[in-house]
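Quick note: the coordinates plus some simple rules give every number you see, no bench work behind them. Note that the structure is a prediction, hence the values are computed from the model and not measured. A quick note on method: Cβ atoms are made from the backbone with ideal geometry, for glycine too, and the neighbour counts reach across all protein chains shown.
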Amino acid sequence: MSDTTAADRLVRMTAAEMADALAAGEITSTALTQAHLDRIAAVDGDVHAFLYVNTDRALETASAVDADRAAGVSLPRLAGVPIGIKDVLVTKGLPTTAGSRILEGWIPPYDSTVASKVREARMPILGKTNMDEFAMGSSTEHSAFGPTHNPWDLDRIPGGSGGGSAAALAAFESPLTIGSDTGGSIRQPAAVTATVGVKPTYGGVSRYGAIALASSLDQLGPCGRTVLDTALLHEVMGGHDPMDATSLREPVAGAVAAALEGASGDLTGVRIGVIKELGGEGYQDGVRQRFEEALDAARRAGAEIVEVSCPSFVYALAAYYLILPAEASSNLAKFDGVRFGLRVERDTIERTMAATRAQGFGDEVKRRVILGTYALSAGYYDAYYGSAQKVRTLIQRDFDAAFARAHVLVSPTAPTTPFKLGERIDDPLAMYLNDVATIPANLAGIPGMSIPAGLAPEDGLPVGFQLLAPAHEDARLYRVGGAIEALLTAAWGGPLSAQAPRLATTTAEVAK
Amino acid sequence: MSSLERADVARLAALARIDMTDSDLDRLSGQLSAIVDAVATLEEVADADVPATSHPIPMANVEREDVVIPSLTPEEALAAAPQAEGGRYRVPQILGEDA
């Protein structure tokens, strides 16, 4: 029993605390990694955050880190702290599916740049996290391998597409995870699981080896339970990469320094713009209440709150659901049954391709590929893709005007708390509305963050608070997000994540 | 902008190389029509005199040093292929009888 309690204490530490305890020699990476693997064995049957658990190699990394530390070798800050990687990232030697049957069983022959950086940081990789197929979805219900369940209520969605990465944090299966955000797939899961997620500026993190969904929107980012933990991972992931032509040629923003500065809770001189169009009608009462309370806390800490208007945002969802399918239909053409993945053999290559894709793709993927094929087809291109690209310009102009009046912009991250699994699965349009507040940042390429804002009074479920900053100003998110987190955590008497209900554990699997 | 008929979906599925059964077409064409109707609001801005944005952070002439870096061996590249032969990907015939 005392072992269980000690292990429980280990997995509930922040990543920063783990790093400090490892550096001080108070714990070993082997014990820490084993505690997380045990936790996964105990709760992931119910949560299903992981598609693959990398037990042996995670422990090998941990033991090598422990040996180096004992020998006095200088190690990176997060060395020995375990991590989960969204299955959209290619990982050499670890199965990578992007949540799709068409890639089932594929073992990549190379590492994505971010996976290489995680290995260079000496972080044990616990496994690959569940996601909507090719990141198309807001609930993980479109994963070909079954949905992830929200640790706050196992009957509810953990958000998507990165529901596995968010649920793994909320269930204390991993202290850090990596996500990808094309229209909110890092921020919306963070919101509904009371965790933290950041979409960096477009180009801030290399996408080499990330299985592309919509190339003009996709961005990889860090997920954690605290703003500081997320900042630590951001600095591991970010920076210029010659292997990605869209990679920004600038050093990683000072995320950690900004998070530490924010932790003082002082917001004197900070102007926060509330986006008028992302709130009000269509937003759940408890979401609005917790959002307003977080704003009040910021105001009391010295922030000036102004209202800003972004009138073109009403077109954002429509523009997104043309641009994304158009780019996805092109990116997914590589799944043809020739070089990797599934093949359903027919007499010609064309029929083989069509049969392979029919069997390998799920319904949501088929819907979006067909929609994208339509949007790009002769006679419709200007009306659809062309118009959508004009909307991107209008949205960027709205952001420019708003950022002239405020350092950061804020809104609720998602209009509602997590809904029940199955509730919207047959209604694509209702599902798409989850991302109404997160999509504008992707269209404009700017960075965004979601932090916990509390639990909605009517259902006791998590609410997310979104912060947005101008392109290249990711550090502002950590500065202001860190401060609001500090203020709210003080008001709650501890981190919100600690209030998550205890999950039933499969003790038989924990026994050693 | 027009709505999507069942026959349109069948033609698009063929272009996208995805086989569709009758029940697939029944299910997807209704959903796709609803989505196309929803995105039709863009018509309101379609004629606006606004430049298009294709890439959120403008970049031009992205270059890197012309140096040789390690790449996959042929064996690694072929390791995950459904079928390979003689150092190449093996596929069914390219042209059908009617081509």
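Taking a 18 Å limit on the Cα-Cα distance, which of the listed pairs A:LYS199/A:LYS420; A:LYS86/A:LYS117; A:LYS128/A:LYS420 fall beyond it?
Beyond 18 Å between Cα atoms: A:LYS199/A:LYS420; A:LYS128/A:LYS420.
The magnitude of the dipole of the protein assembly as shown, with charges of +1 and -1 set on the Cβ of Lys/Arg and Asp/Glu and taken from the Cα centre, is near 740 debye. Put in line by how crowded their Cβ is, counting other Cβ atoms within 10 Å and starting with the fewest, B:ILE57, A:ILE370 read B:ILE57, A:ILE370. Arranged from fewest to most other beta-carbon atoms within 10 Å of their beta carbon, A:GLU173, A:GLU17, A:GLU261, B:GLU75 become B:GLU75, A:GLU261, A:GLU17, A:GLU173. For the segment B:73-84, counting C-beta atoms of other chains within 10 Å of every residue's C-beta and taking the mean gives 4. Taking a ≥ b ≥ c as the square roots of the Cα gyration tensor eigenvalues, with a/c under 1.5 meaning rounded and otherwise prolate when a/b beats b/c, else oblate, which class fits segment A:38-139? Here segment A:38-139 falls in the prolate category.
Straightening the chain between A:VAL306 and A:ASP155 buys 50.5 nm, computed as 0.36 nm per residue apart minus the Cα-Cα spacing.
In chain B, a dipole from Cβ-located charges (positive for Lys and Arg, negative for Asp and Glu) runs towards its positive end, and of B:LEU15, B:HIS55, B:TYR89 it is B:TYR89 whose Cα lies farthest in that direction. Summary value for chain A: 18 percent relative contact order, contacts being C-alpha pairs under 8 angstrom separated by 6+ residues.
Under the classification rounded if a/c is under 1.5, otherwise prolate if a/b is larger than b/c and oblate if not, where does the protein assembly as shown fall, given a ≥ b ≥ c as square roots of the Cα gyration tensor eigenvalues? Here the protein assembly as shown falls in the oblate category. Under a 5 Å amide H cut-off, with hydrogens placed 1.01 Å from N, A:GLY454 pairs with A:VAL463 among residues at least 5 apart or on other chains.
Within the protein assembly as shown, DSSP assigns beta bridges of which about 65% are antiparallel (rounded to the nearest 5). Our note on the geometry: Cα centres of segment A:465-488 and segment A:1-62, 29 Å apart. Placing unit charges on the Cβ atoms of the charged side chains and taking the dipole of segment A:62-122 about its Cα centre, the candidate lying farthest along the positive direction among A:VAL73, A:SER63, A:LEU94 is A:VAL73. Using C-alpha pairs under 8 Å with a sequence gap of at least 6, the mean separation divided by the residue count of segment A:352-442 gives a relative contact order of 18 percent. Here the 3J(HN,Hα) profile of segment A:127-138, calculated from phi with Karplus coefficients 6.51, -1.76 and 1.60 at θ = phi - 60°, is x, 10, 9, 5, 7, 4, 3, 6, 6, 9, x, 10 Hz, Gly and Pro shown as x. In chain A, helices alone account for a calculated mean residue ellipticity at 222 nm of -12000 deg cm²/dmol, with every DSSP H run of four or more residues adding -39,500 (n - 2.57). Toward the positive end of the charge dipole of chain A, with +1 on the Cβ of Lys and Arg and -1 on the Cβ of Asp and Glu, the farthest Cα among A:GLY203, A:MET353, A:ALA378 is that of A:ALA378. Estimated from helical segments only, the mean residue ellipticity of chain B at 222 nm is -10500 deg cm²/dmol, where each DSSP H run of four or more residues counts as -39500 (n - 2.57).
Fewest neighbouring Cβ atoms within 10 Å first, the residues A:ILE323, A:ILE439 line up as A:ILE439, A:ILE323. In this simple spin-label approximation, B:THR73 and A:ALA23 carry label points 7 Å from Cα along the Cα→Cβ vector, and these lie 4.1 nm apart.
Using a ≥ b ≥ c from the Cα gyration tensor of segment A:195-283 (square roots of the eigenvalues), is it rounded, prolate or oblate, where a/c under 1.5 gives rounded and otherwise the larger of a/b and b/c decides, a/b for prolate?
Details: a/c = 2.05, a/b = 1.31, b/c = 1.56.
Cα axes put segment A:195-283 in the oblate bin.
Annotation: amide H-H contacts under 5 Å for A:THR129 (H modelled 1.01 Å from N, sequence separation of 5 or more, or interchain): A:LEU51, A:ILE85, A:LYS86, A:ASP87.
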